[in-house]
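Working notes, beginning with the structure itself.
Read-outs: derived from the displayed coordinates by stated rules, not from any lab. Computed from a prediction, not measured in an experiment: that's the story for all the values here. With ideal geometry, Cβ positions are generated from the backbone for all residues, glycine too; neighbour counts draw on all protein chains shown.
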Amino acid sequence: MSFEMLEKIGDHIAEKEGYVGLRGMQAVQRYLVDRYGWQPEHVRKLGTEDLRLLLAGYEEKATNDWN
């Protein structure tokens, strides 16, 4: 999963979860903090492969209308 795809997923999550003022990776990080109760500093240390695993399913939902 590319960084660009993670950004798009984050934008989608922000809209779905109602995160005001968050987009892209910030929204992904907030989602993981909310979902798993992890501390933000731990979420920020996750690599791309870790994020891919945690967000499995979102990539399949990616569409052009996420832009």
Can you sort 12, 42 by how many other beta carbons sit within 10 Å, fewest first? 42, 12
Most mobile of 55, 46, 32 per a Gaussian network model of the chain (Cα springs, under 10 Å)? 46
Testing the spin-label approximation: label points 7 Å from Cα along Cα→Cβ at residue 33 and residue 17. State their distance in nm. 0.9 nm
Isotropically averaged projected area of region 1-47, using the convex hull of Cα atoms (one quarter of hull area), nm²: 3.1 nm²
A chain fully extended from residue 2 to residue 46 at 0.36 nm per residue, minus the present Cα-Cα distance, gains in nm 14.4 nm
